[in-house]
1. Mind listing the label-point distances from C:PRO66 to the same position on all other copies, shortest first, one decimal in nm, points 7 Å along Cα→Cβ?
2. How many percent of the accessible area of segment D:1-61 is carbon or sulfur, using a 1.4 Å probe?
3. Provide the per residue accessible area, probe 1.4 Å, for segment A:1-120, rounded to a whole number of square angstrom.
4. With the label 7 angstrom out along Cα to Cβ, how close does B:LYS132 come to the same site in each of the other copies, in nm, nearest first?
5. Under Stokes-Einstein, with the Kirkwood radius over Cα pairs standing in for Rh, what whole-number D in µm²/s applies to segment C:76-146 at 25 °C and 0.890 mPa s?
6. Can you list the distances in nanometres, one decimal and ascending, from the B:GLY51 label point to the identical position in each other copy, with the point 7 Å along Cα to Cβ?
7. About its Cα centre, what dipole magnitude does segment A:1-44 give when the only charges are +1 on Lys and Arg Cβ and -1 on Asp and Glu Cβ, stated in debye to the nearest 20?
8. Could you work out [θ]222 nm for chain A from helices alone, using -39500 (n - 2.57) per DSSP H run of at least four and dividing by all its residues? Round to the nearest 500 deg cm²/dmol.
There are 4 protein chains.
Amino acid sequence: MITETKIVVRYAETDQMGIAHHANYAVWFEQARTEFIKSFGISYSEMEKRGVMMPLTKLETIYKIPAHYEDELTVYTRTVRLSPVRIRLEYELRRADTERPLSFGSTEHAFVDSQTFLPVNVKRRMPELYAKMEAGVEEPLRALSK
Amino acid sequence: MITETKIVVRYAETDQMGIAHHANYAVWFEQARTEFIKSFGISYSEMEKRGVMMPLTKLETIYKIPAHYEDELTVYTRTVRLSPVRIRLEYELRRADTERPLSFGSTEHAFVDSQTFLPVNVKRRMPELYAKMEAGVEEPLRALSK
Amino acid sequence: MITETKIVVRYAETDQMGIAHHANYAVWFEQARTEFIKSFGISYSEMEKRGVMMPLTKLETIYKIPAHYEDELTVYTRTVRLSPVRIRLEYELRRADTERPLSFGSTEHAFVDSQTFLPVNVKRRMPELYAKMEAGVEEPLRALSK
Amino acid sequence: MITETKIVVRYAETDQMGIAHHANYAVWFEQARTEFIKSFGISYSEMEKRGVMMPLTKLETIYKIPAHYEDELTVYTRTVRLSPVRIRLEYELRRADTERPLSFGSTEHAFVDSQTFLPVNVKRRMPELYAKMEAGVEEPLRALSK
């Protein structure tokens, strides 16, 4: 399963190079991840209330074409690896006027308990969500490190 | 009592006008507030652990002279109003090469309980801190709204 | 004229109090301003290309009710004061489940030349835009300082 | 050559997990990069004035141990790869109370012309700086992708 999230570049996200600052891509991927999880019928807010958090263990971003203020972008989000205690998502950032993506990204997360920060078996804790996520795993993008 | 906090403008804090984006001033004032509170012998982290938080109820910022990447700035911080349930701090942002401040700011905060977000009487909950803060109240700056 | 801008609170915008951090409101108002200007038939990007920028001279934000991650918010934006060299906009931030706004805000801007940062007479430089903006001036909100 | 940059985690940098939000690491690495470049006797501001910019082409961050509000961190910065048109820097983020780094990071940059965004030969454009940087290249960290 691949979801699409719309982003419009904010003025505050630009820097003095006149382009969107690179740190914002992680924030856009996160917004895309929020919508991706929602597409499984549970919000990430609810996941946290049920005691599961997904802190990052790794982030990679490849920047190909800069984005500018007021650009209308789409993030394509997919899961490419899933286990009961870990997940890896990948992202393509696109703008309608360019054939190739502006950017590729990946994030890796641990499933941890909200109180203790210790690993949590999400397959056991939230079996329905896990089954849906497992069914939606996609092929990884070639542009990224594994 | 007036504390001085050093800030160096980060690249990520600039925008495509080539100046520091206005939203960052609130973050700089907050960093200055952290050091201001620390000067009373307790960190804000400890205050939160002891059950007291200080969410903002009001923010004002006046922008006189823009700041730029790598500028070395100083925030001068003072309390100008204090009651057992509220506090108002004021800030001047200065750069060594200009006689007048780049910016003036104020923040108003409620003292609330970390669990319930309900008002907390900080004079009763942390009497020593309150006494020190009360003794350090300064005159308000004329540039700001009251 | 009053425009409506939809915002969904991002995870990155929360802080350890569990609410949206106060500095983000200025960014949301800015996103609302972008859409407000667009409603006059010119984007702010185009304004900058035509040599006019709108740096802030003043910001005020009043925080009434906290916003949380994934909250769906609406910013209502209006101009309340306009001259050939200055503009003041005001903002109400609302969430569907509360009758009263979460927050009120105002921003004041100078119209300046993109190259020199010197004041620019926008009535002369962009007469059509000015006429439209002038026709759309609204009453100020009572909650804010003048 | 390896430089050390001090960072204190800001409140605005925390999120509702109660830890520093992952997107800020890119901003801290950037602040460390600013000081790293300065150690060669030229500021990044001056580089830009002389027509050379260093946009990111790649970012990787590995998160091992979370950082918290008011934590005092040190970023260790080094160049591990350099050519006349590209540079790769690597970062270790440490806190005094842990033996192992909290985080590892890398950034890759193109040297481009400030006006055209086209590649620039920095060895030719700024030979003295290039020679110094070349002399200071260090071994890469094993934790990171190449």
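1. From this label point to the equivalent ones elsewhere in the assembly: 1.6, 3.5, 3.8 nm.
2. Within segment D:1-61, the accessible surface is 52 percent carbon and sulfur.
3. 36
4. Values, ascending and in nm: 4.3, 5.1, 5.7.
5. In µm²/s, the coefficient is 181.
6. From this label point to the equivalent ones elsewhere in the assembly: 2.6, 6.4, 6.6 nm.
7. Numbers: 4 positive and 5 negative charges, 25 e Å.
Using only the charged Cβ atoms, the result is roughly 120 debye.
8. Numbers: 4 runs with 34 residues, N = 146.
Using -39500 (n - 2.57) per qualifying helix, the result is -6500 deg cm²/dmol.
The values are calculated or read from the model by the stated rules, or taken from the named source; none is laboratory data. All values reported here derive from a predicted model rather than from experimental measurement. Every residue, glycine as well, gets a Cβ built from its backbone with ideal geometry; the counts of neighbours run over all protein chains shown. To get the accessible areas, we keep the full protein, side chains included, count just its heavy atoms, and leave off ligands, DNA and RNA. Shrake-Rupley method; radii C 1.70, N 1.55, O 1.52, S 1.80 Å.
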